[in-house]
Amino acid sequence: MTTVTTTASPAALSRAGGNLLALTHVYTSTLVLGIGALFGMLQGFSRANLIVMPPAFDYYRMLTAHGVLMALVFTTFFITGLFTYCCHETMPRVRSLTLGWIGYCTMLAGTVMTTIIILMGDATVLYTFYAPLKASPFFYFGATLLVLGTWCVAADCIANVIVYKRQNPGSRIPLPAFIATTTMIMWVVATLGVVAEMLLLIPWSLGWTPGIDVGLSRMLFWYFGHPLVYFWIMGAYAIWYTLVPATFGGKVFSDALTRVAFISLLLLSTPVGIHHQYLDPGIAAGWKWLHTVTTYGVVIPSFMTAFAIFASFEIAARRAGRHGFLATVRWLPWGNPVFAGPALGMLLFIPGGLGGIINNSYSMDVLVHNTMWIVGHFHITVGGPVALTFIGASYGLIPALSGRKLYAPRLALAQVYTFFVGMTIMSTAMHWAGLLGSPRRTSDVSYFGSQGAATWHPLMLGAAIGGTLVAISILMFIIVATGTYVANVRSEVPPIFAFAPTDEDAMETPPVLDRLGRWAVIALVLAILAYVGPVTTQIGAHAYLAPGMRTW
Amino acid sequence: MHLHRSERLWIIFGVAMLAVFLGVITTAAVVDGLVPPSRVQTIDPTKVAQTPPFDHPGLRMVSPGVYEAYYVARVFSFTPATIEIPAGARVTFYVTSGDVEHGFSIPETGVNTMVTPGWVSSVAHTFAKPGTFLLICNEYCGSGHQVMAAKVVVKS
């Protein structure tokens, strides 16, 4: 949508095409976020016993839609849009966008198919679709298409990098493109698990196989399920490292260490999934312990990221003559939603990350597993830091990609703070309810007036209040995002959403960090090492197959 | 590669913290046997009603104060629906599913495990205080999941 003049260079033309593709991804994610938020709010009301959902919108059906749309669709579309932008902006060249558009259309087709099936009530299996709950085959087809579409986006990023390296021998892959490609490689390694699970589920849902090895399907799901979390986080980190410092004239703390952090995440995100299955029968305690250790490993790149981001704040503040903690905090541009969104997200990520360490703690997980604590945890991680970062970045991305002025910037600013307050209230209430034992994924927790269950109710009211604030703030976001497009006010100066340059004091980037093919192989080997034992044991147990069932 | 001094300290702090956590967890696992429920025993989920001991689910006394409880989870109830034990009893629960994935959780105790069709889950707990405990399914299992509950009555 950037105006292309007849004298535009091939690079500018490539950017314009890439911008439209990226913008389409971002607007799709915005729409999905709006629908998902509406469903989420209705669940909050329903669970707090404020409303009774009509049968066509029953709690579990809406919960499935909310989980699939938020966890799998909103996040994925935003990240693929962001990474398309990262690649096309920093490695511009004349190259067909066909693969990118094929990817987008495949993702969209998969999303539409899955959503329709869920809303028809033929796939009330929640976003984890645990067998032997048996959904319509179209649910599994749609989910597979969504994943295959992302593989096209990954192939597009990788192809861009290969051509760039050929044309610019000796130079480093630009940092944003490096981050995008590394993350997409991690995503491909991780989604191998869910695609393998689909190869079990699809023939079974079509009635071609009599039953399903439930333990194996769960293990394949969680092989994918935890790196999915890191996929979201890496999308947010990409913004924190490269885009947030630009909002206050700061710089990337260190190009080399940023690459080290992303390579660590590529290597360590996948060999960890069994920590979601601590309470599963059929998996020996030793394998569970092994995954506790590897999961702790992923904490290290997060520590590095926390350091690098806050260092970029402090260094920029010092250059502006501000010294000390409070002076730095006051100096930062809290009035700019593009900064405030991600920065408030970072604040939420502190309790979010600490909660994650608790969940991963092997024996301690028993106290929180499948309680509302877990729901609180992923709302204060993906629902907070990730969503708030993506929303904040959208306020920079949408104008930059469309060449339009941001509509109602004050509403945008109020939006990120409203979201922050709402999410803090909601997730605190959820964590608390979980500690008291309130289960997750349950439409009504009164349990025939049981005394213990009565203590959970006030906290559900708190969650509903916080959730309402979040839903209102998402409505504000939709107004700003849609308004920007519809109002169509061109700015005199083309709005830019620049990547921050690297600090000139930082060290040289060693060429080995750019050897993405080699790192991809190591990532795959680590994943195989962590899973070869559990998976062969699972298959070797010759578990009885379970027939499929529709219990909704 | 060169690391900034304060960054090095920060990362050492992070790694040391994780090493302490891991040490505590591992010690508790090895010394106190504090490990998550991880029984490895298969069962045909289509023949639960014919497979002993799940053909007669219920409470068995092993010795005074020591019990075994066999549960079958099916949409949307547990069998047995109620058990009665004296305070101070040590109960080992064995649970399996006759249909889909369920959960088996007694809030405010350490009893919490997944119940997977095809497998037998096991978890033990000592009920020190008298009272009526709610036993709930905490994994979504279908449209009646919210009513899937049972009772453990601990008598003084």
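If you check A:LEU461 against the conditions, is it of a type in the set (A, V, I, L, M), farther than 21 Å from B:ILE136 by Cβ and either open to solvent by less than 30 Å² (accessible area, probe 1.4 Å) or in contact (Cβ under 8 Å) with a residue 12 or more places away in the chain (or both)? Break it down stepwise before answering.
Working: of a type in the set (A, V, I, L, M): yes; farther than 21 Å from B:ILE136 by Cβ: no; either open to solvent by less than 30 Å² (accessible area, probe 1.4 Å) or in contact (Cβ under 8 Å) with a residue 12 or more places away in the chain (or both): yes.
In short, no.
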Seminar exercise, completed: B:LEU59 fails exactly one of (1) open to solvent by 30 Å² or more (accessible area, probe 1.4 Å); (2) in a strand (DSSP E or B); (3) within 12 Å of chain A (Cβ to nearest Cβ), namely (3)
Problem set entry | Members of the range B:1-20 found to be more than 7 Å from chain A (Cβ to nearest Cβ) and part of a helix (DSSP H, G or I), listed by number | B:ARG5, B:SER6, B:ARG8, B:LEU9, B:ILE12, B:PHE13, B:ALA16, B:MET17, B:ALA19, B:VAL20
Problem set entry | Close pairs (6 angstrom Cβ cut-off, 6 or more residues apart or separate chains): without any contact (Cβ under 8 Å) to a residue 40 or more places away in the chain and more than 18 Å from A:LEU243 (Cβ to Cβ) in the range A:374-393, aromatic (Phe, Trp, Tyr) and open to solvent by less than 10 Å² (accessible area, probe 1.4 Å) anywhere | none
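Just to be sure I understand, how many residues within the range B:110-130 are open to solvent by 20 Å² or more (accessible area, probe 1.4 Å) and either closer than 27 Å to A:ALA285 by Cβ or within 9 Å of chain A (Cβ to nearest Cβ) (or both)? Don't jump to the end; show me each part of the working.
Just the residues of the range B:110-130 that are open to solvent by 20 Å² or more (accessible area, probe 1.4 Å), to begin with: B:110, B:122, B:124-126, B:128-130.
With either closer than 27 Å to A:ALA285 by Cβ or within 9 Å of chain A (Cβ to nearest Cβ) (or both) added as a condition, the list becomes B:110, B:122, B:124-126, B:128.
Here the count works out to 6.
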Exercise. So which pairs qualify, if the first residue must be in the range B:44-57 and in contact (Cβ under 8 Å) with a residue 24 or more places away in the chain and of a type in the set (Asp, Glu), the second must be surrounded by fewer than 17 Cβ atoms within 10 Å (Cβ to Cβ) and in a helix (DSSP H, G or I), the Cβ gap must be under 9 Å, and the two must be at least 6 apart or on different chains?
Worked result: B:ASP44/B:GLN50
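What helices (runs of 4 or more DSSP H) lie completely within the range A:278-332 and have 1 or more residues being under 28 Å from A:ARG218 (Cβ atoms) and over 25 Å from the mean Cα position of the chain (by Cα)? Let's see the steps before the verdict.
On the way: elements: A:285-297, A:299-319, A:325-331.
Result: A:285-297.
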For this session: Scan the range A:33-45 and give yes if some residue there is modelled with pLDDT of 90 or more, within 14 Å of another protein chain (Cβ to nearest Cβ) and part of a helix (DSSP H, G or I), otherwise no.
Result: yes
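Among residues belonging to the range A:99-140 that are small (Gly, Ala, Ser), more than 14 Å from chain B (Cβ to nearest Cβ) and in contact with a Leu (Cβ under 7 Å, 6 or more places away or on another chain), point out the one that is surrounded by the fewest Cβ atoms within 10 Å (Cβ to Cβ). Let's see the steps before the verdict.
Step one: list which residues in the range A:99-140 are small (Gly, Ala, Ser), which gives A:100, A:103, A:109-110, A:121, A:123, A:131, A:135-136.
Filter again for more than 14 Å from chain B (Cβ to nearest Cβ), leaving A:100, A:103, A:109-110, A:136.
Those left that are additionally in contact with a Leu (Cβ under 7 Å, 6 or more places away or on another chain): A:100, A:109-110.
On the way: A:GLY100: 28, A:ALA109: 16, A:GLY110: 22.
If we take residues in the range A:99-140 being small (Gly, Ala, Ser), more than 14 Å from chain B (Cβ to nearest Cβ) and in contact with a Leu (Cβ under 7 Å, 6 or more places away or on another chain), then A:ALA109 is surrounded by the fewest Cβ atoms within 10 Å (Cβ to Cβ).
So is B:TYR67 of a type in the set (Ser, Thr, Tyr), open to solvent by 30 Å² or more (accessible area, probe 1.4 Å), in contact with a strand residue (DSSP E or B) (Cβ under 6 Å, 6 or more places away or on another chain) and more than 9 Å from every other protein chain (Cβ to nearest Cβ) or not?
Numbers: of a type in the set (Ser, Thr, Tyr): yes; open to solvent by 30 Å² or more (accessible area, probe 1.4 Å): no; in contact with a strand residue (DSSP E or B) (Cβ under 6 Å, 6 or more places away or on another chain): yes; more than 9 Å from every other protein chain (Cβ to nearest Cβ): yes.
No: the conditions fail for B:TYR67.
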Problem set entry | Check on B:ALA73, hydrophobic (A, V, I, L, M, F, W, C) and without any contact (Cβ under 8 Å) to a residue 60 or more places away in the chain | no
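Taking the condition modelled with pLDDT of 90 or more, assigned to a helix (DSSP H, G or I), open to solvent by less than 10 Å² (accessible area, probe 1.4 Å) and not aliphatic (A, V, I, L, M), does A:GLY467 pass? Please lay out each step first, then the result.
Working: modelled with pLDDT of 90 or more: yes; assigned to a helix (DSSP H, G or I): yes; open to solvent by less than 10 Å² (accessible area, probe 1.4 Å): no; not aliphatic (A, V, I, L, M): yes.
Answer is no for this residue.
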Exercise. If you take the residues of the range B:26-53 that are farther than 27 Å from A:LYS288 by Cβ and in a helix (DSSP H, G or I), which of them is most open to solvent (accessible area, probe 1.4 Å)?
Worked result: B:GLN50
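Give me the residue from the range A:141-195 that is outside any helix (DSSP H, G or I) and in contact with a helix residue (DSSP H, G or I) (Cβ under 9 Å, 6 or more places away or on another chain) and, out of that set, surrounded by the most Cβ atoms within 10 Å (Cβ to Cβ). Quick ask: steps written out before the conclusion?
Going through the range A:141-195, the residues outside any helix (DSSP H, G or I) turn out to be A:168-174.
Those left that are additionally in contact with a helix residue (DSSP H, G or I) (Cβ under 9 Å, 6 or more places away or on another chain): A:170-174.
Working: A:GLY170: 6, A:SER171: 11, A:ARG172: 18, A:ILE173: 24, A:PRO174: 20.
My answer is A:ILE173.
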Exercise. Given the residues A:ALA343, A:ALA327, which is the only one that is at pLDDT 95 or above, open to solvent by less than 10 Å² (accessible area, probe 1.4 Å) and away from every other protein chain (no Cβ under 14 Å)?
Worked result: A:ALA343
Exercise. Quick check, is A:THR258 of a type in the set (S, T, N, Q), within 30 Å of A:ASN336 (Cβ to Cβ), in contact (Cβ under 8 Å) with a residue 24 or more places away in the chain and more than 14 Å from chain B (Cβ to nearest Cβ)?
Worked result: no
For this session: Search the range A:196-217 for residues that are farther than 21 Å from B:ASP99 by Cβ and pair each with any residue that is open to solvent by less than 10 Å² (accessible area, probe 1.4 Å) and among the aromatic types (Phe, Trp, Tyr) when their beta-carbon atoms are under 8 Å apart and the residues are at least 6 apart or on different chains.
Result: A:MET198/A:TYR140; A:ILE202/A:TYR140
For this session: For residues that are assigned to a helix (DSSP H, G or I) and over 16 Å from A:LEU23 (Cβ atoms), scanning just the range A:77-98, find the one that is nearest to the chain's Cα centre (by Cα).
Result: A:THR90
Exercise. Only one of (1) more than 14 Å from chain B (Cβ to nearest Cβ); (2) assigned to a helix (DSSP H, G or I) fails for A:TYR407. Which number is that?
Worked result: (2)
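Here's the yes/no breakdown for (1) open to solvent by 20 Å² or more (accessible area, probe 1.4 Å); (2) within 10 Å of another protein chain (Cβ to nearest Cβ); (3) of a type in the set (D, E, K, R); (4) under 30 Å from A:SER394 (Cβ atoms):
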| position | (1), (2), (3), (4) |
| --- | --- |
| A:ALA246 | yes, no, no, yes |
| A:ILE274 | no, no, no, no |
| A:GLY282 | no, yes, no, no |
| A:THR292 | no, yes, no, no |
| A:TYR296 | no, yes, no, no |
Exercise. What is the number of the single condition among (1) in a helix (DSSP H, G or I); (2) buried (at least 18 other Cβ atoms within 10 Å of the Cβ); (3) small (Gly, Ala, Ser); (4) more than 9 Å from every other protein chain (Cβ to nearest Cβ) that B:GLY23 does not meet?
Worked result: (2)
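A:VAL375 - would you say it is within 14 Å of another protein chain (Cβ to nearest Cβ), at pLDDT 95 or above and either touching a Phe, Trp or Tyr at 6+ places or on another chain (Cβ under 8 Å) or in a helix (DSSP H, G or I) (or both)?
Details: within 14 Å of another protein chain (Cβ to nearest Cβ): yes; at pLDDT 95 or above: yes; either touching a Phe, Trp or Tyr at 6+ places or on another chain (Cβ under 8 Å) or in a helix (DSSP H, G or I) (or both): yes.
Yes; evaluated as a whole, the condition is true for this residue.
The values are calculated or read from the model by the stated rules, or taken from the named source; none is laboratory data. Just so it is clear, the model here is predicted, and its values are computed rather than measured. When we count neighbours, we look across all protein chains shown, and the Cβ atoms used for this are built from the backbone with ideal geometry, even at glycine. Accessible surface is based on the protein model in full, side chains and every heavy atom, while ligands, DNA and RNA are left aside. Shrake-Rupley method; radii C 1.70, N 1.55, O 1.52, S 1.80 Å.
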